[in-house]
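Enquirer: Have a look at this one.
The values are calculated or read from the model by the stated rules, or taken from the named source; none is laboratory data. None of these values were measured; they are calculated from a predicted model. Neighbour counts are summed over all protein chains in view; Cβ atoms, including those assigned to glycine, are modelled from backbone coordinates with ideal geometry.
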């Protein structure tokens with residue numbers, strides 16, 4: 001990995017409390033462009049809260065967040081998460097969220113990665129007979145290609161709400177892949193996904209890194225994390241315990257005690 | 001069949017077509033985007049009164065002080081634009097929430113009702129505003145009703161075409177996505193609040209258009225034409241026919257109006273005419289309760305997108 005790679009995302013001394021609970025207690029982290037950074041830690045250590053702070057769904061009590069050297073803390077505080085998604089930071093959710101009444105194909109078409117014209121004038125243009133939505137075919141084509149990559153093409157006409165958790169998760173990842181932000185915040189992308197789809201997803205995530213995208217992910221499945229990550233942060237009780245390469249993390253005694261259990265690496 | 005009977009039937013159909021426009025606009029707001037608009041009648045009245053004031057001939061002013069003597073097509077466009085701006089203001093007050101918009105829209109309709117009942121210099125108060133129309137002067141009763149039925153049929157078909165196209169477009173798809181999961185929609189970079197405001201404004205403009213056509217058809221604007229009950233009649237029709245389905249909305253409106261007319265004609269308790277009027281609502285309410293239990297999605301299920 002190039003050591004001079006640009007820092008694309010930087011958090012300084014983030015703090016967030018919910019009542020008496022300090023969910024995030026002075027977290028600082030740096031993410032370099034075109035890398036895979038993983039955040040691991042025991043349940044309740046504040047990983048998802050940290051993600052929500054970065055993506056703007058929760059606002060920090062104090063601390064700063066920089067994206068490409070631009071201070072975006074204020075944007076995050078206003079909870080204008082759609083602005084962050086437009087800027088290029090997008091999040092997938094731990095428990096897949098989605099538009100259940102839509103078919104799988106259509107829910108992939110929602111992602112507004114293609115220039116979608118949502119101005120009022122364009123809406124009134126629909127009034128003119130014969131006006132066709134030019135981008136619909138393109139949208140449908142892209143959605144179908146994504147379904148093919150995820151191996152879901154046979155289910156494209158089925159409703160999302162009728163699917164198992166793993167499929168819903170795949171569709172959610174498909175949406176965020178289609179959105180194509182600069183930074184992907186993936187909250188447990190592998191949880192609930194069937195075993196045979198895991199290599200496919202990991203390959204896709206590695207492919208994103210090759211295309212210059214940055215991935216930050218929370219994941220409990222240790223083997224994949226240790227295999228594909230460039231940098232791993234270990235979060236314990238809202239604090240960064242260790243930062244290091246997979247090799248360093250694997251050998252760190254504190255990590256073993258805090259997270260992996262003293263007996264050694266847990267494999268799933 | 002007498003001319004009067006045919007004219008009555010045509011005016012019934014005309015009223016139905018006006019209500020069809022309203023129920024389609026409500027289906028855009030509630031069915032597609034999940035916006036609770038409890039002030040529907042306010043936007044209809046706003047369109048109607050703006051049209052009436054624009055058309056009123058300033059040389060024949062009697063009890064009203066304002067009138068511009070504009071031809072109907074100009075007044076129609078002004079009414080739609082004015083309502084659009086006011087709908088935008090109403091929704092801008094409550095940029096944040098759906099529930100707030102429900103309350104604010106209801107309050108807005110009540111506010112407007114009180115205003116048009118009392119501001120005599122502008123609206124003629126309870127007497128209202130009477131306007132004249134070229135069609136009325138040139139055609140006899142039957143011709144007048146035929147002309148209006150045709151105009152309203154064209155208008156209703158246009159609104160049906162437009163709202164269906166809108167619902168099935170990317171714009172409608174995003175509205176549907178916001179209705180289902182706003183947080184998820186936001187995470188995909190959608191400005192959900194502004195998108196919802198646009199739909200609220202478009203729907204309210206369609207409602208104003210219906211109000212404007214209605215005033216040109218009836219030639220008078222009086223407060224009692226715009227009771228709060230009208231809002232809920234349209235809501236009932238939409239829930240009855242199928243929320244999120246334009247065809248269902250039209251069907252529900254037809255059933256509601258038929259029930260309403262049958263009740264008016266045949267529901268009769270000798271010696272107690274006042275009970276019959278109330279009984280109508282009891283029967284409609286009972287039907288609605290049975291429907292909600294047996295078939296909560298309405299007579300026709302939702303059809304919010306071309307993808308099923």
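Enquirer: Criterion first (under 20 Å from residue A:123 (Cβ atoms) and either surrounded by fewer than 23 Cβ atoms within 10 Å (Cβ to Cβ) or out of contact with any strand residue (DSSP E or B) (no Cβ under 7 Å at 6 or more places or on another chain) (or both)) does residue B:233 satisfy it?
Expert: Here the answer is no, as residue B:233 does not meet what is asked.
Enquirer: A further question follows. Consider residue A:84 carefully, then state whether it is assigned to a helix (DSSP H, G or I), surrounded by 14 or more Cβ atoms within 10 Å (Cβ to Cβ) and at pLDDT 85 or above.
Expert: When the stated conditions are applied, residue A:84 does not pass them.
Enquirer: Yes or no: residue B:250 over 30 Å from residue B:51 (Cα atoms), out of contact with any strand residue (DSSP E or B) (no Cβ under 6 Å at 6 or more places or on another chain) and in a helix (DSSP H, G or I)?
Expert: no
Enquirer: From A:217, A:222, grab the single residue that is buried (at least 22 other Cβ atoms within 10 Å of the Cβ) and touching a residue at least 40 places away in the same chain (Cβ under 8 Å).
Expert: A:217
Enquirer: So, of the residues in segment B:137-173 that are under 17 Å from residue B:29 (Cβ atoms) and either in contact with a helix residue (DSSP H, G or I) (Cβ under 6 Å, 6 or more places away or on another chain) or away from every other protein chain (no Cβ under 11 Å) (or both), which turns out to be modelled with the lowest pLDDT?
Expert: Looking at the filtered set, the residue picked out is B:171.
Enquirer: Could we say that residue B:248 is touching a residue at least 40 places away in the same chain (Cβ under 8 Å) and at positive phi here?
Expert: So residue B:248 fails the test.
Enquirer: Of these, B:221, B:276, which one is away from every other protein chain (no Cβ under 14 Å), touching a strand residue (DSSP E or B) at 6+ places or on another chain (Cβ under 6 Å), surrounded by 14 or more Cβ atoms within 10 Å (Cβ to Cβ) and farther than 14 Å from residue B:18 by Cα?
Expert: It is B:221.
Enquirer: Now, a different point. Counting just the residues of segment B:177-190 that are crowded, with 20+ Cβ neighbours inside 10 Å and in a loop (DSSP other than H, G, I, E, B), which one comes out nearest to the other protein chains (Cβ to nearest Cβ)?
Expert: It comes out as B:189.
Enquirer: Considering A:208, A:190, which residue is without any contact (Cβ under 8 Å) to a residue 40 or more places away in the chain, part of a helix (DSSP H, G or I), within 30 Å of residue B:183 (Cβ to Cβ) and under 15 Å from the mean Cα position of the chain (by Cα)?
Expert: A:208
Enquirer: For residue B:162, work out the one condition from (1) buried (at least 22 other Cβ atoms within 10 Å of the Cβ); (2) free of Cβ contacts under 8 Å to residues at least 60 places away in the same chain it doesn't fulfil.
Expert: All conditions pass for residue B:162, except number (1).
Enquirer: Residue B:242 passes all but one of (1) at negative phi; (2) more than 9 Å from chain A (Cβ to nearest Cβ); which number fails?
Expert: Failing condition for residue B:242: (1).
Enquirer: Still on this structure: As an exercise: evaluate residue B:277 against (1) at pLDDT 85 or above; (2) over 30 Å from residue A:100 (Cα atoms); (3) touching a helix residue (DSSP H, G or I) at 6+ places or on another chain (Cβ under 9 Å) and give the number of the one condition it does not meet.
Expert: (1)
Enquirer: Let me ask another. Could you count how many residues in segment A:150-162 are assigned to a helix (DSSP H, G or I) and either within 12 Å of chain B (Cβ to nearest Cβ) or surrounded by fewer than 16 Cβ atoms within 10 Å (Cβ to Cβ) (or both)?
Expert: Residues in segment A:150-162 being assigned to a helix (DSSP H, G or I) and either within 12 Å of chain B (Cβ to nearest Cβ) or surrounded by fewer than 16 Cβ atoms within 10 Å (Cβ to Cβ) (or both): 5 in total.
Enquirer: For segment A:180-196, does any single residue satisfy the condition of being within 14 Å of chain B (Cβ to nearest Cβ) and surrounded by fewer than 18 Cβ atoms within 10 Å (Cβ to Cβ)?
Expert: Yes - at least one qualifying residue is present in segment A:180-196.
Enquirer: For segment B:67-76, check the following and say yes or no: at least one residue is surrounded by 14 or more Cβ atoms within 10 Å (Cβ to Cβ), part of a helix (DSSP H, G or I) and modelled with pLDDT of 95 or more.
Expert: Within segment B:67-76, one or more residues are surrounded by 14 or more Cβ atoms within 10 Å (Cβ to Cβ), part of a helix (DSSP H, G or I) and modelled with pLDDT of 95 or more.
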